[in-house]
Amino acid sequence: MNAQLHPVPANDELDAFWMPYTANRQFKANPRLLARAEGMHYWTPDGRQVLDGVAGLWCVNAGHGRREITEAVTKQLSTMDFAPSFQMGHPIAFELANRLAAISPPGLDRVFFTNSGSESVDTALKMAIAYHRARGAGQKTRLIGREKGYHGVGFGGMSVGGIVNNRKIFGSSMLPGVDHLPHTLNIEHNAYSRGLPAWGAHLANELERLIGLHDASTIAAVIVEPISGSAGVILPPVGYLKRLREICDKNDILLIFDEVITGFGRIGKPFASLAFDVTPDLMASAKGLTNGAMPMGAVFAHRKIYDAVMQAPEGSIELFHGYTYSAHPASCAAALATLDIYTKEGLLTRAAAMSSQWENAVHSLRGLPHVVDIRNCGLIGAVELEPRAGKPGARAFEIFLKCFERGVMVRQTGDTIAMSPPLIIDAKQIAHLVETLGSVIRETA
Ligand SMILES: Cc1ncc(COP(=O)(O)O)c(C=O)c1O
C-alpha cells in the first residue's frame with residue numbers, strides 16, 4: 001500500500017527543512033521517509049510496511065489513523081476553526097478540562113493547556129514560582145532538576161534538564177538558580193532489573209544536601225520525570241519518588257512530575273503518579289493527550305496552587321502566561337476523541353495487562369553481543385549497548401538504521417535502543433519487534 005498525499009521529495013529538495021534532533025547531513029544523504037500510517041504500522045513512500053515500535057515519538061498510544069479523531073477534528077474545524085482563550089472561552093475547552101480533571105491524580109484538577117511538552121514544562125515551572133510569590137514567599141525561585149533529565153527545549157526545560165548535549169552549547173544562557181539531583185541509572189547495582197530497580201532510593205536524599213546548600217527558603221520546586229525516556233529509559237528505584245515527596249513536603253517545596261511520556265497509559269495507569277502512588281503538586285503532559293494527532297499539552301495543577309494564584313485583585317489577570325493556541329478548538333476535539341478511545345478500549349490500563357509478556361520478550365535479549373543492560377516498565381523497554389571505543393552512540397545508531405531497513409522502527413538515544421509501542425500492540429507484534437531487534441543486534445559488530 002503506498003497511498004500518500006504528497007510527491008516524494010527528490011534528494012536535492014531536502015535541504016530547506018532544518019530537521020529537529022536529526023543528523024541532517026546523514027539523513028539527507030540517506031532519507032528515511034514515512035508516507036502513511038494505520039494501526040501499528042507506517043508505510044514508506046515505496047510501500048514498505050514498518051512496525052511502529054515507538055508510538056511515533058512516544059505519542060500515538062491508541063495506534064495510527066484513528067478515524068474517530070480525524071472526524072472530531074474535521075467537525076470542529078468546520079464548526080469553529082479558532083477561538084482565543086485570552087479573556088474569551090469556548091465550550092470544548094471546559095469540557096476537556098473537566099474530563100482530564102476526572103482522571104488526574106488526587107487534587108490535580110486544574111488544567112492549563114499548552115501546545116507541547118516543552119511548553120507544559122515551562123508553564124509548570126512558572127506556576128511553581130507564581131504560587132510561592134502569591135503566598136508571600138517570593139524568594140522561593142530556585143528550581144531543582146536532575147542529571148540526565150529531559151524536559152523539552154524551552155529555556156526553562158533546558159535549564160532543569162540534565163542531558164549534556166542539550167545544554168553544553170547554550171552555556172550561560174541557562175536560567176540562573178538551578179541545581180540538579182544525581183541521576184538514578186546504575187548498571188553496576190541494577191543491571192537487568194525487571195521493572196523498578198531495588199537499589200538507589202537513598203539517591204533522593206541528595207535533595208536534603210541541596211537544601212542544606214541553598215536553603216529551603218530559596219527553592220520553589222523539584223522537577224523529575226517519573227521515568228526518564230530521552231536519556232535512555234531510566235527507572236526510579238523502589239521508594240525513590242516517595243522519598244522525594246517526603247522531603248519536598250517537609251521543606252515546602254513543590255514536586256513537579258514531567259509525565260510527557262508516562263502520561264496516558266504508558267505504564268498501565270492513566271499517569272505514572274497513580275501507578276507509583278506518589279502525587280506531585282504539578283504535572284506536565286502532552287503527547288498521548290491527543291494520540292499525537294494534534295499538537296497539545298496540558299499542565300495539571302493542584303487546586304491549592306490555583307487557589308493561591310487566584311488571590312490577585314478581582315478583575316485582574318492572575319497569571320500573565322499563556323499561548324495563542326492554548327486550548328485550540330481542533331486540539332481539544334482531538335483530545336476528547338482520544339480520551340473516548342482510551343476509555344472504550346481500556347487503553348489507559350492495557351499496558352499493565354501486557355507488561356509481563358513485554359518484560360519477558362525484552363529480557364530475552366539478555367546475553368546478545370554488546371548488550372549490557374535491559375530495562376522495562378509498563379510498555380516501555382530499553383536495551384543498553386556497550387559503546388564502540390571513541391564513538392559513543394554509533395553502535396546503537398547502526399542498529400536503529402538496520403531495524404528500519406528490516407521494517408521495524410525503534411528509537412536510538414546514546415547507546416540505548418528504546419521501545420514504547422502503541423498500547424494496542426499484540427503478542428505477535430511484540431515478538432516480531434523484539435526478534436527483529438535481536439537479530440540485528442546479533443549481526444552488528
Ligand atoms: C519527559 C519529556 N518532557 C518534555 C518533552 C518535550 O516535549 P515536546 O517535544 O512536545 O516539546 C519530552 C519530549 O520527548 C519528554 O520526553
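The values are calculated or read from the model by the stated rules, or taken from the named source; none is laboratory data. These figures come from a predicted structure and were not determined experimentally. Neighbour counts are summed over all protein chains in view; Cβ atoms, including those assigned to glycine, are modelled from backbone coordinates with ideal geometry. Just so you know, the surface numbers come from the protein's heavy atoms only, side chains and all, with ligands and any DNA or RNA stripped out. Shrake-Rupley method; radii C 1.70, N 1.55, O 1.52, S 1.80 Å.
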Legend entry - Test set (1) within 16 Å of the ligand (Cβ to nearest atom); (2) under 24 Å from ALA312 (Cα atoms); (3) open to solvent by 40 Å² or more (accessible area, probe 1.4 Å); (4) of a type outside the set (Phe, Trp, Tyr) - ARG110 fails condition number: (1)
Inset, instruction - Could you check VAL238 against (1) more than 16 Å from the ligand (Cβ to nearest atom); (2) crowded, with 24+ Cβ neighbours inside 10 Å; (3) aliphatic (A, V, I, L, M) and say which number it fails? - result: (2)
Inset, instruction - Evaluate region 244-259: report whether one residue or more is aromatic (Phe, Trp, Tyr), within 16 Å of the ligand (Cβ to nearest atom) and surrounded by 20 or more Cβ atoms within 10 Å (Cβ to Cβ). - result: yes
Inset, instruction - Could you check SER273 against (1) within 16 Å of the ligand (Cβ to nearest atom); (2) open to solvent by 40 Å² or more (accessible area, probe 1.4 Å) and say which number it fails? - result: (2)
Inset, instruction - Under 8 Å between Cβ atoms, at least 6 apart or on separate chains: pull out the pairs that start in region 216-228 with a residue that is open to solvent by 10 Å² or more (accessible area, probe 1.4 Å) and end on any residue that is more than 9 Å from the ligand (Cβ to nearest atom) and among the aliphatic types (A, V, I, L, M). - result: ALA216/ILE253; SER217/ALA137
Inset, instruction - Might you let me know whether region 158-167 holds any residue that is at positive phi and at pLDDT below 95? - result: no
Legend entry - Within region 156-200, tally of residues that are assigned to a helix (DSSP H, G or I) and open to solvent by less than 30 Å² (accessible area, probe 1.4 Å): 6
Legend entry - Filter result (open to solvent by less than 50 Å² (accessible area, probe 1.4 Å) and in contact (Cβ under 8 Å) with a residue 40 or more places away in the chain) within region 120-129: SER120, VAL121, THR123, ALA124, LEU125, MET127, ALA128
Inset, instruction - Name the single residue, out of those in region 130-155 being free of Cβ contacts under 8 Å to residues at least 24 places away in the same chain and either open to solvent by less than 70 Å² (accessible area, probe 1.4 Å) or assigned to a loop (DSSP other than H, G, I, E, B) (or both), that is farthest from the ligand (Cβ to nearest atom). - result: GLY136
Inset, instruction - Give the residues of region 156-175 that are over 17 Å from GLY414 (Cβ atoms) and touching a residue at least 24 places away in the same chain (Cβ under 8 Å), sorted by residue number. - result: GLY156, GLY157, VAL160, LEU175
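Residues checked against (1) buried (at least 22 other Cβ atoms within 10 Å of the Cβ); (2) at pLDDT 95 or above; (3) of a type outside the set (A, V, I, L, M); (4) farther than 21 Å from PRO422 by Cα:
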site	(1), (2), (3), (4)
ALA353	no, yes, no, no
VAL371	no, yes, no, yes
ASN376	yes, yes, yes, no
ARG388	no, yes, yes, yes
Inset, instruction - Check region 316-329 and report whether any residue there is on the phi > 0 side of the Ramachandran plot, modelled with pLDDT of 95 or more, within 16 Å of the ligand (Cβ to nearest atom) and open to solvent by 20 Å² or more (accessible area, probe 1.4 Å). - result: no
